[in-house]
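The values are calculated or read from the model by the stated rules, or taken from the named source; none is laboratory data. Because the structure is a prediction, the values reported are computed rather than measured. Quick reminder, even Gly has a Cβ in these numbers, built from the backbone with ideal geometry, and neighbours come from all protein chains shown. Please note that ligands, DNA and RNA were not included when accessible areas were found on the heavy atoms of the full protein model with its side chains. Shrake-Rupley method; radii C 1.70, N 1.55, O 1.52, S 1.80 Å.
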2 protein chains.
Amino acid sequence: MVNPLVRKLENFVRLSSEERQALDRVVQNTRRLGPREDVVRDGDQPRHVNLILEGWACRYKQLEDGRRQVISIFLPGDMCDPHVFVLKNMDHSLGTLTSCLIAEVSEPSIREITAESRKIEEAFWWEMLVSAAIQREWTVSLGQRLATERLGHLFCELFMRLDAVGLTNGTSCEFPITQADLGDAMGLSTVHINRTLKELRAAGLIRLRGRQLTIPDFPALCSASLFDPSYLHFERDRSASAIGDS
Amino acid sequence: MVNPLVRKLENFVRLSSEERQALDRVVQNTRRLGPREDVVRDGDQPRHVNLILEGWACRYKQLEDGRRQVISIFLPGDMCDPHVFVLKNMDHSLGTLTSCLIAEVSEPSIREITAESRKIEEAFWWEMLVSAAIQREWTVSLGQRLATERLGHLFCELFMRLDAVGLTNGTSCEFPITQADLGDAMGLSTVHINRTLKELRAAGLIRLRGRQLTIPDFPALCSASLFDPSYLHFERDRSASAIGDS
DNA sequence: CGACGGCTTGAGGGTTCTCAAGCGATGTGG
DNA sequence: CCACATCGCTTGAGAACCCTCAAGCCGTCG
């Protein structure tokens with residue numbers, strides 16, 4: 001199995017084989033979790049960085065009266081908050097959506113690996129800033145986009161992020177998340193998610209059956225959803241000048 | 001005039017007078033902007049970190065069809081993206097809401113000051129993580145909270161953030177932002193913002209006239225808005241152990 | 001004085017919600 | 001092996017929340 005973190009970071013920098021090995025060494029303590037289990041709970045003290053190796057997870061927050069908002073979705077290769085240690089307590093929870101394989105990375109090993117390689121340090125920065133950009137784009141979606149645009153935009157985003165770690169086949173990818181969770185993520189009711197999916201299917205923009213998503217015409221879905229991929233910053237612009245140095 | 005960045009960071013760490021002076025030295029190139037002017041535009045190359053000294057500014061994104069979402073609000077003492085340099089282009093714009101005094105801080109001086117003082121480095125981390133937490137809470141608001149809760153929550157957040165930089169008087173503070181901008185921030189129409197304010201006023205939860213906001217009963221507004229301040233991480237817990245070292 | 005920006009209110013319509021019920025697949029225990 | 005519970009998906013009906021369009025008001029400023 002290829003370390004999905006390596007795969008993801010190489011969308012930004014070209015890594016030497018030593019750097020790749022260093023990143024592999026970080027993945028030591030792993031644990032397997034079932035679907036809809038908590039990884040870290042709101043109020044807990046953060047102990048380590050959680051790196052998703054397999055499966056889908058999420059950040060979420062539950063209000064007192066039970067309303068639940070999924071704040072971000074984590075895919076293989078995603079690190080959940082590389083620097084939470086600075087804060088005393090978690091202000092949200094991390095939970096799995098599907099069954100997951102998660103690596104627990106300690107703070108010292110993060111410090112170590114970034115101290116050893118400037119390129120990895122910069123790549124970690126890139127990963128953090130892109131996560132923040134994704135969070136901002138969710139704000140735009142929730143604030144401005146209609147249900148069809150909102151869902152379409154999410155499909156575009158997740159498809160591109162899955163593609164960046166090699167988890168797509170042509171126009172298809174696994175999509176193992178329930179309509180209820182989609183609703184909690186998009187601020188829509190389950191019922192309305194269902195109707196919106198029906199509409200997107202009727203328009204020929206997506207196919208979604210079982211746990212398989214197909215986007216037959218990606219540009220069409222992009223423009224229907226006002227999706228502009230530039231916020232994902234998948235440009236490997238600096239790599240040319242960075243090749244060779246460590 | 002006290003540097004509001006110093007004031008803000010001291011909510012997290014206790015700074016020595018050298019550290020305070022170092023932070024003051026960062027504030028060299030300042031520029032004054034009128035209301036509703038752009039500071040940095042979507043697509044631009046980031047040149048420096050913008051630090052707000054006076055006035056209110058915001059991050060925003062405009063969709064092709066004109067819809068506009070205010071993604072975050074910046075108050076005095078806020079730094080706009082301390083590490084944007086890693087990314088090639090801005091994926092959003094920064095603009096003023098009111099007339100502003102803004103310091104342009106160069107990348108080298110950020111690196112310098114964090115290299116000199118561990119406490120400042122940690123405080124900058126804290127500021128970044130709190131910004132991210134605020135962004136997450138906006139996601140929760142837009143996704144789950146009703147208009148009254150959403151606005152009430154924003155008032156609570158901004159009041160606490162203003163208090164952290166000494167910009168409140170008892171139960172009141174300046175609130176110099178238009179209902180149209182409030183709408184763009186909360187994903188609501190101007191008309192509905194107006195009606196929601198009316199409702200909050202009728203419930204005795206806020207007074208808002210001119211550019212002055214009063215929250216007569218803060219706990220009441222908190223509970224009406226499901227506001228839990230823990231995500232702002234205004235606990236100076238580590239300062240005791242950190243006093244003395246640099 | 002007239003123009004303008006921001007605030008306020010009314011009326012009608014649209015998007016999304018809640019409640020309710022039914023269907024199909026999966027899994028478990030008697 | 002079948003009965004039954006459970007979970008996720010689907011659909012209908014009516015209501016709630018929020019939107020758009022439109023107009024009027026108030027203060028400021030040139």
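Within the stretch B:129-144, the only residue that satisfies the criterion of being within 15 Å of DNA strand D (Cβ to nearest atom) and surrounded by fewer than 23 Cβ atoms within 10 Å (Cβ to Cβ) is B:Gln144.
Residues in the stretch A:90-107 that are of a type outside the set (Val, Ile, Thr), buried (at least 19 other Cβ atoms within 10 Å of the Cβ) and farther than 12 Å from A:Val39 by Cα: A:Asp91 alone.
Matching residues to (1) within 14 Å of another protein chain (Cβ to nearest Cβ); (2) touching a strand residue (DSSP E or B) at 6+ places or on another chain (Cβ under 9 Å):
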residue: B:Ile177; (1), (2): no, yes
residue: B:Ala185; (1), (2): yes, yes
residue: B:Leu200; (1), (2): no, yes
residue: B:Gly210; (1), (2): no, no
residue: B:Pro216; (1), (2): no, yes
residue: B:Pro219; (1), (2): no, no
residue: B:Cys222; (1), (2): yes, no
residue: B:Ser225; (1), (2): yes, no
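Residues of the stretch B:53-73 that are more than 8 Å from every other protein chain (Cβ to nearest Cβ) and farther than 12 Å from B:Gly95 by Cβ: B:Leu53, B:Glu54, B:Gly66.
Only a single criterion out of (1) open to solvent by less than 20 Å² (accessible area, probe 1.4 Å); (2) within 16 Å of DNA strand D (Cβ to nearest atom) is not satisfied by B:Val191, namely (1). When the stretch B:23-48 is filtered for residues that are within 16 Å of DNA strand D (Cβ to nearest atom) and of a type in the set (D, E, K, R), only B:Arg36 remains. For the stretch A:54-68, a tally of residues being under 12 Å from the mean Cα position of the chain (by Cα) and surrounded by fewer than 20 Cβ atoms within 10 Å (Cβ to Cβ) returns 1. Residues in the stretch B:198-218: is at least one crowded, with 20+ Cβ neighbours inside 10 Å, within 16 Å of DNA strand D (Cβ to nearest atom) and among the hydrophobic types (A, V, I, L, M, F, W, C)? Yes, the stretch B:198-218 contains a residue that is crowded, with 20+ Cβ neighbours inside 10 Å, within 16 Å of DNA strand D (Cβ to nearest atom) and among the hydrophobic types (A, V, I, L, M, F, W, C).
Just one residue in the set A:Thr139, A:Thr98, A:Thr148 is within 16 Å of DNA strand C (Cβ to nearest atom) and not in a helix (DSSP H, G or I); that residue is A:Thr98.
Taken over the stretch A:49-68, the criterion of being away from DNA strand D (no atom under 16 Å from the Cβ) and in contact with a Leu (Cβ under 8 Å, 6 or more places away or on another chain) is satisfied by A:Asn50, A:Leu51, A:Ile52, A:Leu53, A:Glu54, A:Arg59, A:Glu64.
A residue that is open to solvent by less than 50 Å² (accessible area, probe 1.4 Å), more than 23 Å from A:Phe234 (Cβ to Cβ) and within 12 Å of chain B (Cβ to nearest Cβ) occurs somewhere in the stretch A:31-52.
Look at the stretch B:160-188: where a residue is closer than 19 Å to B:Pro4 by Cα and charged (D, E, K, R) and a partner is at pLDDT 95 or above and more than 14 Å from DNA strand D (Cβ to nearest atom), sitting 6+ places away or on another chain with Cβ atoms under 7 Å, you get B:Arg161/B:Leu75; B:Glu174/B:Leu167.
A quick yes/no check of all residues on (1) in a helix (DSSP H, G or I); (2) under 19 Å from the mean Cα position of the chain (by Cα); (3) touching a residue at least 24 places away in the same chain (Cβ under 8 Å); (4) on the phi > 0 side of the Ramachandran plot:
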| site | (1), (2), (3), (4) |
| --- | --- |
| A:Val2 | no, yes, yes, no |
| A:Leu5 | yes, yes, yes, no |
| A:Phe12 | no, yes, yes, no |
| A:Ala22 | yes, no, yes, no |
| A:Arg32 | no, yes, yes, no |
| A:Arg36 | no, yes, yes, yes |
| A:Gly43 | no, no, yes, yes |
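Among the residues making up the stretch B:154-179, a single one is within 16 Å of DNA strand D (Cβ to nearest atom) and under 19 Å from A:Leu142 (Cβ atoms): B:Leu154.
I'm trying to understand the selection: among the residues of the stretch A:164-196, which are closer than 24 Å to A:Cys100 by Cα, of a type in the set (A, V, I, L, M) and in a helix (DSSP H, G or I)? Correct list: A:Ala164, A:Ala180, A:Leu182, A:Ala185, A:Met186. The combined condition, being facing chain B (nearest Cβ under 10 Å) and either open to solvent by 10 Å² or more (accessible area, probe 1.4 Å) or over 19 Å from the mean Cα position of the chain (by Cα) (or both), is fulfilled by A:Asp81. On the stretch given as the stretch B:106-139, residues that are touching a strand residue (DSSP E or B) at 6+ places or on another chain (Cβ under 8 Å), more than 17 Å from B:Val165 (Cβ to Cβ) and of a type in the set (A, V, I, L, M) total 1.
Here B:Trp125 clears all of (1) under 30 Å from A:Leu94 (Cα atoms); (2) away from DNA strand D (no atom under 14 Å from the Cβ); (3) surrounded by 20 or more Cβ atoms within 10 Å (Cβ to Cβ) except the condition numbered (3).
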